[in-house]
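The values are calculated or read from the model by the stated rules, or taken from the named source; none is laboratory data. Predicted, not measured: the structure shown is a model, and the values here were computed from it. Using ideal geometry, Cβ is built from the backbone for each residue, glycine included, and neighbour counts are taken over all protein chains shown.
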Amino acid sequence: MENVAPVKRSIEEFRAISLGVKSYLSALNLISNSSKTQLDKFFAAADTNTDKMISKEEMTAYADSTNQTFTANDMNQAWVLFDGDSDGNISQDEFTAVIE
């Protein structure tokens, strides 16, 4: 079984955006120090239908599978930050652009 700690840490950092700008910037710094491989693993784990997009439903399911919970407010704040084209999904490019 693969080590899920980096992925679990990433989802925890992703959730931290609801705590305000200071926490968000701190989370981005921690995530950006993760390897590209770890970020790709996180994205792939959340993108269950492999369409290179993460929907709110996929993110909720992924969070549930890692024993994390998102409130509706958490999810809305995440989408404001990550969904650059406001299409309702986070593409891998949008995800990478925010993290980098």
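Yes/no matrix, rows are residues, columns are (1) on the phi > 0 side of the Ramachandran plot; (2) among the charged types (D, E, K, R):
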| site | (1), (2) |
| --- | --- |
| Asp40 | no, yes |
| Thr50 | yes, no |
| Lys56 | no, yes |
| Asp64 | no, yes |
| Thr71 | no, no |
| Asp85 | no, yes |
| Gln92 | no, no |
Could you grab me the full set of residues in segment 70-100 that are part of a loop (DSSP other than H, G, I, E, B) and under 21 Å from Gln38 (Cα atoms)? Asp83, Glu100
Filter segment 26-78 down to the residues that are among the charged types (D, E, K, R) and surrounded by fewer than 18 Cβ atoms within 10 Å (Cβ to Cβ), then identify the one that is modelled with the highest pLDDT. Asp51
